[in-house]
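> Dumping the structure here so I can ask a few things about it.
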Amino acid sequence: MKRCLPYLLFVSTFLSVDFLYANEPVLNDTVKTYTIGEVVVTSSTKETNQFRYIPAAASVLTPQGIAARQIESLKDISFYVPNLYMPDYGSKYTSAIYIRGIGARSSGQSVGLYVDDIPYQDKSTFDFELMDIQRIEVLRGPQGTLYGRNAMSGIINVYTLSPLSYQGTKLSLSSGNYGLFKVRASHYAKLAENMGLSVGGYYDRNDGFFTNEYNGKKADKEESAGGRVKFEWLITPNLTLNYGVNIDYTDQGAFPYRLYNPQDGSLQPVNYNDRNTYTRTMLANNLQLAYKGQDYTLTSTTGYQYFKDNMWLDQDFTDSTMFTLNQKQKQHAISEELAVRSTTANNYQWSFGAYGFYQNLRTEAPVAFKEDGIKYILQSTFDRLSEIYPTMPDFVVLDEQLEIPGTFKTPYYGAALFHQSTYNNLFTEGLSLTAGLRLDYEKQEMRYNSEALMRLGMLRAPNMPPVEIPLDPSVVNEHLSQDFWQLLPRISLKYACTDRTFTYLSVAKGYKTGGYNFQMSADYMQGQMQYDMMNKYMPSMAVEPMPIDSIASYKPEQSWNYEAGIRSELIENVLKAELTLFYMDIKDIQLTQFVASGHGRILTNAGKAKSYGAELSVQANLLPGLNADVNYGYTHATFRNYNDGQNDFKGHYVPYTPRHTFSLGLNYNKLFTSGWIDQLFASAQYGGAGKIYWTEQNDISQSLYGTLNMKFGFRKGNIRVDLWGRNLTDKDYSVFYFSSRNNSFLQQGKPVQFGAEITWVF
């Protein structure tokens with residue numbers, strides 16, 4: 001104990017929060033009681049450290065924590081994990097996650113998501129209903145050695161309940177203001193002593209929170225439904241089969257953006273005249289076979305994901321008839337991972353594996369120019385050319401509406417080999433070394449096909465109608481490809497002075513793959529049409545468009561991450577704490593920008609950046625049944641070297657990244673042996689984020705804010721009743737900002753919500 005005293009004194013000076021271990025006491029909150037404790041051995045099928053001793057910044061949310069915090073989707077875990085921020089804006093298509101200053105607004109992702117060890121390969125699928133969850137693990141910092149692509153800032157592992165561990169039937173109904181209504185049902189049963197099956201489903205709706213002034217209707221009404229089937233079979237004492245199917249459907253109004261005046265801070269109501277909606281159908285299958293040998297475990301994990309969505313976007317977000325986008329995506333993705341891991345009691349533990357994936361995404365993204373768009377965008381281009389070249393004829397766009405189609409096929413595939421070793425009690429008791437390496441290969445392709453024809457006339461005399469000139473359709477037929485190779489090393493040194501306290505140092509390389517933009521297609525096609533016209537009638541003035549690969553492609557983002565942490569259970573079963581310090585050196589940081597015309601967004605590489613900060617977590621059992629938790633994260637993410645040709649942003653904060661995240665929580669749970677109720681429970685959570693800069697110029701920002709959520713309920717027999725509230729102080733704050741065509745837009749956070757839920761457990 002003496003060798004641990006300095007660490008205990010160091011940690012005890014801090015307050016923080018995290019559910020770092022999954023062995024917290026489980027109170028009887030239903031008739032059917034299940035305990036999730038020491039069954040949590042590792043964070044994945046390939047990790048060589050037990051989760052509670054993993055040398056990384058790690059958080060785990062248990063079913064009790066999920067229920068107390070009213071976590072129903074990944075967006076709800078914001079603030080409860082230090083330095084994790086997942087804003088709720090736009091639609092379920094926009095699932096941006098930021099950890100430690102690294103994130104992705106549009107294409108790509110910087111955080112990996114796994115559900116029952118199956119990777120979700122597109123962040124368009126990240127926002128779904130969390131139902132009957134066993135635990136949620138979050139590993140912060142690069143995890144590429146074991147998880148590969150796009151795990152640059154962390155990994156989220158979601159595990160669902162097992163029908164072999166828990167049996168029962170549950171039905172819940174919830175209702176609240178803004179037309180909120182939700183029903184959930186699930187059944188877990190053993191088909192035999194070694195075989196279990198679970199079936200569950202949900203339906204969720206609301207009337208929307210923001211009114212579109214143009215038509216007086218709610219802009220963001222939402223309806224969703226889905227279900228899950230899970231089958232587990234212990235074929236032999238050494239061989240286990242797990243199979244799961246998840247399906248999810250969403251139909252929502254979307255993008256309730258409000259016109260914002262940066263000069264006086266005023267906000268106009270949501271006001272657009274064209275359709276803004278998003279629908280998505282999603283299906284996920286997973287099959288896992290695990291064989292336990294005498295000294296090892298061999299696991300095969302196979303996944304298949306399918307999603308199909310349809311997004312209608314009024315791209316000017318005003319009541320003008322400018323232009324619209326109707327983007328449709330369809331994806332098929334398969335993955336396979338083989339991993340073998342040692343299970344001996346020796347000091348040396350090892351893990352080897354191979355991984356492969358294939359993803360085929362087809363996107364149709366036609367942009368339709370309407371009356372005002374033709375007048376103020378297309379026609380104004382020719383008017384400017386006439387001013388520049390006085391000898392040029394006056395051209396007139398004759399189309400009343402012009403559609404520029406675009407079809408993109410973007411197949412990706414890749415493979416990887418990885419290894420990790422851990423040697424415990426190296427040289428001395430309590431000292432361990434973990435080292436790993438991954439060789440990762442990925443090939444990406446983009447096939448872009450489009451054909452468009454603009455009806456163009458020429459004025460020959462004043463007050464005379466224009467004469468239509470013959471033009472051939474402009475055609476784009478491009479096939480691009482790029483290859484990426486990466487070596488992703490990681491090394492960690494850990495010293496455990498007791499089985500409840502350890503410190504660690506780690507160095508890891510982070511990697512986020514490059515890719516292709518396709519929302520720039522209307523801009524590119526518009527330039528091609530202009531070039532074709534000028535080349536035919538005025539070849540001396542024709543300017544050939546830039547090669548599409550120089551516009552469409554962006555490079556990988558890479559980083560080196562340096563981390564030091566200490567984790568301790570200061571008082572057994574009473575006080576747990578964690579402190580982490582980190583520094584990230586980032587190269588070719590990927591930023592989202594709107595194209596000049598405002599027709600779409602692209603990812604670009606923006607030089608170098610650095611991010612450093614601290615994360616603090618504490619969980620304390622204050623009294624029997626009463627526990628408190630605090631989470632705090634600080635991130636200082638700035639550009640080291642970024643000049644866009646017009647501005648030098650060196651030293652400016654990286655946009656969309658909160659400098660602080662925090663949460664404070666109290667949870668009370670009391671059992672009664674006699675009386676009119678069997679159990680009483682209450683929870684209060686106050687969490688928030690800020691300061692968030694919305695632009696590279698750091699001239700527009702959201703200040704630090706917090707929201708209050710509360711829940712109160714009781715149980716009698718197999719019936720439980722809850723009263724709940726979110727943002728109870730009705731805090732006014734913004735979750736998203738962007739500018740397009742010299743207009744600025746904001747989306748506000750959701751207002752105060754409250755309601756009730758009743759649950760039957762049989």
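> Any idea which residue in segment 149-194 is surrounded by the most Cβ atoms within 10 Å (Cβ to Cβ), counting only those that are in contact with a Gly (Cβ under 8 Å, 6 or more places away or on another chain) and within 19 Å of residue 96 (Cα to Cα)?
It comes out as 152.
> When you go through 669, 698 one by one, which is the residue that is over 23 Å from the mean Cα position of the chain (by Cα) and part of a strand (DSSP E or B)?
669
> Go through segment 614-636 and give me each residue that's without any contact (Cβ under 8 Å) to a residue 12 or more places away in the chain and hydrophobic (A, V, I, L, M, F, W, C).
622, 623
> Out of 512, 494, I need the residue that is surrounded by 18 or more Cβ atoms within 10 Å (Cβ to Cβ), at pLDDT below 95 and either over 25 Å from the mean Cα position of the chain (by Cα) or over 30 Å from residue 347 (Cβ atoms) (or both). Which one?
When all the criteria are applied, what remains is 512.
> Confirm whether residue 578 is within 28 Å of the chain's Cα centre (by Cα), under 22 Å from residue 150 (Cα atoms) and either of a type in the set (Ser, Thr, Tyr) or modelled with pLDDT of 80 or more (or both).
Taking the combined requirement at face value, the residue does not satisfy it.
> Please work out which one of (1) surrounded by fewer than 19 Cβ atoms within 10 Å (Cβ to Cβ); (2) touching a residue at least 12 places away in the same chain (Cβ under 8 Å); (3) small (Gly, Ala, Ser) is the condition residue 611 fails and give its number.
(1)
> Let me ask something additional. Can you tell which of 649, 582, 639 is among the aromatic types (Phe, Trp, Tyr), buried (at least 18 other Cβ atoms within 10 Å of the Cβ) and in contact with a His (Cβ under 9 Å, 6 or more places away or on another chain)?
639
> While we're looking at this one, here's another question. From the list 44, 95, 16, 91, pick out the single residue that is at pLDDT 90 or above and either closer than 28 Å to residue 435 by Cβ or not in a strand (DSSP E or B) (or both).
91
> Note down all Cβ pairs under 6 Å where the first residue falls in segment 242-268 and is under 17 Å from residue 218 (Cα atoms), the second is of a type in the set (A, V, I, L, M), and they're at least six residues apart or on different chains.
Note: pairs meeting the criteria are 253/219; 256/219; 256/270; 258/267; 258/270; 258/746; 268/259.
> Please give the number of the condition residue 676 fails out of (1) surrounded by fewer than 18 Cβ atoms within 10 Å (Cβ to Cβ); (2) aromatic (Phe, Trp, Tyr); (3) touching a Gly at 6+ places or on another chain (Cβ under 9 Å); (4) not in a strand (DSSP E or B).
Result: residue 676 fails condition (3) only.
> Please state which of the following conditions residue 627 fails to meet, knowing it meets all the rest: (1) part of a strand (DSSP E or B); (2) closer than 20 Å to residue 756 by Cα.
(2)
> Next question. Between a residue in segment 197-222 that is in contact (Cβ under 8 Å) with a residue 12 or more places away in the chain and farther than 30 Å from residue 185 by Cα and any residue that is of a type in the set (Gly, Ala, Ser) and part of a loop (DSSP other than H, G, I, E, B), which pairs come within a Cβ distance under 7 Å, given they are 6 or more apart or on different chains?
What qualifies is 211/219; 212/219.
Table: residues versus (1) buried (at least 18 other Cβ atoms within 10 Å of the Cβ); (2) of a type in the set (Gly, Ala, Ser); (3) within 30 Å of residue 693 (Cα to Cα); (4) modelled with pLDDT under 95.
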position	(1), (2), (3), (4)
712	no, no, no, no
717	no, yes, no, yes
721	no, no, no, no
729	no, no, yes, no
733	yes, no, yes, no
740	yes, yes, yes, yes
759	yes, no, no, no
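> For residue 553, state whether it is at pLDDT 80 or above and more than 19 Å from residue 640 (Cβ to Cβ).
Taking the combined requirement at face value, the residue satisfies it.
> Another question, then. Having 1 or more residues that are closer than 30 Å to residue 347 by Cβ, in contact (Cβ under 8 Å) with a residue 24 or more places away in the chain and out of contact with any Asp or Glu (no Cβ under 8 Å at 6 or more places or on another chain) is the bar; report the strands (runs of 3 or more DSSP E) wholly within segment 384-424 that clear it.
Qualifying strands (runs of 3 or more DSSP E): 407-423.
> Next question, about the same structure. Of the residues 739, 701, which is among the hydroxyl-bearing types (Ser, Thr, Tyr) and free of Cβ contacts under 8 Å to residues at least 12 places away in the same chain?
Every option except 701 fails the conditions.
> Also, quick follow-up: For segment 679-710, how many residues are among the hydrophobic types (A, V, I, L, M, F, W, C), within 21 Å of residue 78 (Cα to Cα) and either surrounded by fewer than 17 Cβ atoms within 10 Å (Cβ to Cβ) or in contact with a helix residue (DSSP H, G or I) (Cβ under 6 Å, 6 or more places away or on another chain) (or both)?
Summing the residues that are among the hydrophobic types (A, V, I, L, M, F, W, C), within 21 Å of residue 78 (Cα to Cα) and either surrounded by fewer than 17 Cβ atoms within 10 Å (Cβ to Cβ) or in contact with a helix residue (DSSP H, G or I) (Cβ under 6 Å, 6 or more places away or on another chain) (or both) in segment 679-710 gives 1.
> Next question, about the same structure. I need the strands (runs of 3 or more DSSP E) fully contained in segment 240-317, keeping only those with at least 1 residues that are on the phi > 0 side of the Ramachandran plot and over 26 Å from the mean Cα position of the chain (by Cα).
In segment 240-317, no matching strands (runs of 3 or more DSSP E) lie anywhere.
> So residue 65 clears everything in (1) over 17 Å from residue 159 (Cβ atoms); (2) at pLDDT 65 or above; (3) not hydroxyl-bearing (Ser, Thr, Tyr); (4) not in a loop (DSSP other than H, G, I, E, B) except one condition, right? Which one?
(1)
> Could you please tell me which pairs satisfy a Cβ distance under 6 Å, a separation of 6+ or placement on different chains, a first residue in segment 637-650 that is in contact (Cβ under 8 Å) with a residue 24 or more places away in the chain, and a second residue that is outside any strand (DSSP E or B) and of a type in the set (Val, Ile, Thr)?
From segment 637-650, the pairs are 637/654; 637/657.
> Would segment 514-523 turn up any residue that is without any contact (Cβ under 8 Å) to a residue 60 or more places away in the chain and under 20 Å from residue 315 (Cβ atoms)?
Within segment 514-523, not a single residue is without any contact (Cβ under 8 Å) to a residue 60 or more places away in the chain and under 20 Å from residue 315 (Cβ atoms).
The values are calculated or read from the model by the stated rules, or taken from the named source; none is laboratory data. None of these values were measured; they are calculated from a predicted model. Please note: Cβ atoms are built from the backbone with ideal geometry, for glycine as well, and neighbour counts cover all protein chains shown.
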